[in-house]
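Below is one structure, written out as structure tokens; comments come after it.
The values are calculated or read from the model by the stated rules, or taken from the named source; none is laboratory data. All values derive from a computational prediction rather than experimental measurement. When we count neighbours, we look across all protein chains shown, and the Cβ atoms used for this are built from the backbone with ideal geometry, even at glycine. The protein model used for the area step is the full one, side chains on, heavy atoms only, and it has no ligands, DNA or RNA in it. Shrake-Rupley method; radii C 1.70, N 1.55, O 1.52, S 1.80 Å.
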Amino acid sequence: MDYQLVLQFPLPADESEGHFMTLEDDLVEQLEDSADVEGHDAGDQTVHVFITTGTPARTFERLRPLLVDRALLDRVTAAYRHVDEEHYKVIWPKDDSRPFVAP
């Protein structure tokens, strides 16, 4: 597993970090043994969920149904990087100018 996939969500003032802790458990269940959910980090305005995987795009596709069910697909920015690199490549949303703030 050579890549870090990061799911970035805005954290509205009326939403708690606890909501994302529950999501993290569901991501683990959805991915089974295909990737490792490594945890999350919450800042003032964003939450990042970290996933280690060998196939970032395929891993994100496995998570899409869960994100749709949770009404989070429109809110997430997904990006990945090789573990030896610093720069992230955004894979979702496609052709969107939403900024990805590296954790």
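Residues in the stretch 61-73 that are open to solvent by less than 90 Å² (accessible area, probe 1.4 Å) and on the phi < 0 side of the Ramachandran plot: 62, 63, 64, 65, 66, 67, 68, 70, 72, 73.
Taken together, 68, 90 contain a single residue that is in a helix (DSSP H, G or I), out of contact with any Leu (no Cβ under 8 Å at 6 or more places or on another chain) and closer than 23 Å to residue 12 by Cβ, which is 68. Taken across the stretch 39-59, residues that are without any contact (Cβ under 8 Å) to a residue 24 or more places away in the chain and within 12 Å of the chain's Cα centre (by Cα) do occur, with at least one present.
Residues are listed down the side, and each one gets a yes or a no for (1) surrounded by fewer than 19 Cβ atoms within 10 Å (Cβ to Cβ); (2) part of a loop (DSSP other than H, G, I, E, B); (3) at pLDDT 95 or above; (4) acidic (Asp, Glu):
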| residue | (1), (2), (3), (4) |
| --- | --- |
| 1 | yes, yes, no, no |
| 4 | no, no, yes, no |
| 13 | yes, yes, no, no |
| 44 | yes, yes, no, yes |
| 59 | no, no, yes, no |
| 75 | yes, yes, no, no |
| 80 | no, no, yes, no |
| 95 | yes, yes, no, yes |
| 101 | yes, yes, no, no |
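On the basis of being open to solvent by 40 Å² or more (accessible area, probe 1.4 Å), part of a loop (DSSP other than H, G, I, E, B) and free of Cβ contacts under 8 Å to residues at least 40 places away in the same chain, does residue 25 make the cut? Judged against the criteria, residue 25 is not a match.
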